[in-house]
């Protein structure tokens, strides 16, 4: 059972590194040439979903880092 990129945070056990590893495993399976065409499409769709989760996670963390840097800069200017 997966979750959408918008709701990745709702899963307490979601992990960026594990998700990247899953994407890499999917790519390996697709590149193996051993999957039926329908399964290739399913796996590709799953990889895209996982990539969107990672992108959302990284964008959220970037926003948090920017805010922390801004706060730190404001404190230094005082």
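Residue 34 meets all of the listed conditions (1) surrounded by 13 or more Cβ atoms within 10 Å (Cβ to Cβ); (2) at pLDDT 95 or above; (3) not in a helix (DSSP H, G or I) but one, namely (1). Taking the conditions exactly as written (assigned to a helix (DSSP H, G or I), loosely packed, with under 13 Cβ neighbours inside 10 Å and at pLDDT 90 or above), does residue 21 satisfy them or not? The answer is yes for residue 21. Considering only residues that are assigned to a loop (DSSP other than H, G, I, E, B) and more than 15 Å from residue 58 (Cβ to Cβ), look in the range 1-18 and name the one that is modelled with the lowest pLDDT. The selected residue is 1.
A quick yes/no check of all residues on (1) more than 23 Å from residue 14 (Cα to Cα); (2) surrounded by fewer than 11 Cβ atoms within 10 Å (Cβ to Cβ):
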{"position": "39", "(1), (2)": "yes, no"}
{"position": "44", "(1), (2)": "no, no"}
{"position": "56", "(1), (2)": "no, no"}
{"position": "63", "(1), (2)": "no, yes"}
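Annotation: residue 69 fulfils all but one of (1) in a helix (DSSP H, G or I); (2) exposed (fewer than 14 other Cβ atoms within 10 Å of the Cβ); (3) modelled with pLDDT of 95 or more; the unmet one is (3).
The values are calculated or read from the model by the stated rules, or taken from the named source; none is laboratory data. Keep in mind the model is a prediction, meaning the values are calculated, not measured. Please note: Cβ atoms are built from the backbone with ideal geometry, for glycine as well, and neighbour counts cover all protein chains shown.
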